Amino acid sequence: MVICIASLHGNEPAGTEALQTIMGEVESGQRLRRGDIVALRGNLRAYQANRRFIDEDMNRVWQPDRVRRVLRSLGQTGGALAGAPRSAELLEQRGLVSALHEAASRARGDVYVFDLHTTSADSAPFAMAGDAARARELCAKLPIPLVNGLDRHIDGSMTDYFNHLSWPSIVIEGGRHAAASSVGAIEDVVWTLLEALGTLEAENAIDTSSRSARLARRSADLPREMEVRYRHSVSSGDHFQMGPGFKNFDRIRAGQELGTDRTGLVAAPQSGRLFLPLYQRLGDDGFFIVE
C-alpha cells in the first residue's frame with residue numbers, strides 16, 4: 001500500500017492538485033497492476049485558509065509522547081489532550097493519525113508513505129528519505145537530488161513518526177508553492193516511484209520513462225546527493241527577512257549576506273548551497289546550508 005499525504009502545510013496546494021489527477025487515473029482503472037493507493041490531505045483547516053498552519057506547524061508535532069496521547073484519544077470524544085496545546089493542528093493530527101492507521105489496517109503488504117510538499121523559493125524537485133533502507137533504495141530510482149540529514153536539525157517531523165513505525169517514507173518537494181510546474185513535478189515523481197514499486201501496468205512504462213527524463217532535465221546541474229550541514233532558526237521577534245532573489249540550491253560562500261534581522265545583517269556561516277530559504281510569513285527555519 002502507498003499512502004500519499006498532501007498539504008500538510010496548508011499553503012502548499014500542489015500536492016493536493018497532483019493527487020486529484022493521479023487518483024482520477026487510478027480510480028478509472030487505467031494504471032495499477034497491483035497494490036493500493038490512499039490519498040490524504042494533511043491540514044484541512046489550514047488548506048482552506050491558504051496558510052502554512054493555523055496555530056502550530058503540522059510538520060513539527062510528531063514527537064513520540066504527543067503521538068501516543070493522540071493515539072490514546074482516538075476512542076474518546078471531545079476535549080483536548082492532557083498536556084497538549086489547544087490548537088487547530090491537534091484536531092487535524094487526530095484525524096490524520098486515525099486515517100493513517102485505518103488505511104494501514106487494510107494493507108495487503110508493506111506500507112509506503114509519500115509526503116508531498118513545495119517550497120517558498122524557486123526550486124528544482126528533490127526528495128528526502130526516511131530511515132528505512134527501502135526508502136533510500138526507492139529514492140535511488142529517482143533522477144532528482146536526495147537531501148539527507150534534515151531530520152537531525154528539526155524536531156517532530158512527520159517522517160520521524162513513520163521511522164518509528166518502520167514504514168518506508170519519502171518526502172517529495174516539487175518546486176515553488178505557486179509555480180504551475182510544481183504540480184506536474186509531483187505527479188512525475190509519484191508515478192516514477194509507483195513504477196519502481198512494480199504497481200503499474202506494463203503499458204504505462206513509456207509514459208513513466210518520459211516523466212523520469214523530464215525530472216532529470218530539471219535537476220541536471222545539481223549533485224545527486226546532498227547533506228544538511230547548518231540550520232538558521234528564526235522567531236517572530238527576530239524580524240528575519242531573506243534577501244531577494246535566492247533559489248533553492250544556489251551556491252553561497254562563507255560570509256555572504258543572505259538577509260537581515262533585528263541585529264543587522266545575516267551572513268552565511270559557511271560555504272555550500274543554500275537550502276529552503278524562507279520567503280513566507282510563517283515558519284521558524286530561516287534557511288539551511290547543504291553540501
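At a glance:
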{"item": "Residue satisfying all of: in the stretch 260-280; touching a residue at least 12 places away in the same chain (Cβ under 8 Å), on the phi < 0 side of the Ramachandran plot and assigned to a strand (DSSP E or B); surrounded by the most Cβ atoms within 10 Å (Cβ to Cβ) among these", "result": "F275"}
{"item": "Residue that is surrounded by the most Cβ atoms within 10 Å (Cβ to Cβ), among those in the stretch 240-259 that are part of a loop (DSSP other than H, G, I, E, B) and in contact with a Ser or Thr (Cβ under 8 Å, 6 or more places away or on another chain)", "result": "N248"}
{"item": "Enumeration of residues in the stretch 180-222 that are among the charged types (D, E, K, R), at pLDDT 90 or above and not in a helix (DSSP H, G or I)", "result": "D221"}
{"item": "Filter result for the condition that a residue is without any contact (Cβ under 8 Å) to a residue 60 or more places away in the chain, open to solvent by less than 20 Å² (accessible area, probe 1.4 Å), within 21 Å of A104 (Cα to Cα) and polar (S, T, N, Q), over S157, S169", "result": "S169"}
{"item": "Residues of the stretch 183-200 that turn out to be of a type in the set (V, I, T) and under 14 Å from V113 (Cβ atoms), as a count", "result": "2"}
{"item": "Whichever residue in the stretch 223-241 is among the hydrophobic types (A, V, I, L, M, F, W, C) and in contact with a Phe, Trp or Tyr (Cβ under 6 Å, 6 or more places away or on another chain) and, among such residues, is modelled with the lowest pLDDT", "result": "V234"}
{"item": "Matching residues in the stretch 15-74 - criterion: being over 18 Å from C4 (Cα atoms) and of a type in the set (V, I, T)", "result": "I54, V61, V67, V70"}
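This table checks each residue for (1) among the aromatic types (F, W, Y); (2) open to solvent by 40 Å² or more (accessible area, probe 1.4 Å); (3) in contact with a Gly (Cβ under 6 Å, 6 or more places away or on another chain); (4) touching a residue at least 12 places away in the same chain (Cβ under 8 Å).
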{"residue": "M1", "(1), (2), (3), (4)": "no, no, no, yes"}
{"residue": "L8", "(1), (2), (3), (4)": "no, no, yes, yes"}
{"residue": "T21", "(1), (2), (3), (4)": "no, yes, no, yes"}
{"residue": "G29", "(1), (2), (3), (4)": "no, yes, no, no"}
{"residue": "I37", "(1), (2), (3), (4)": "no, no, no, yes"}
{"residue": "L40", "(1), (2), (3), (4)": "no, no, no, yes"}
{"residue": "A46", "(1), (2), (3), (4)": "no, no, yes, yes"}
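The values are calculated or read from the model by the stated rules, or taken from the named source; none is laboratory data. The structure presented is a predicted model; accordingly, all values stated were derived computationally and were not measured. Cβ sites come from the backbone with ideal geometry, for glycine too, and all protein chains shown count toward neighbours. Ligands, DNA and RNA are excluded from the accessible area calculation, which covers all protein heavy atoms including side chains. Shrake-Rupley method; radii C 1.70, N 1.55, O 1.52, S 1.80 Å.
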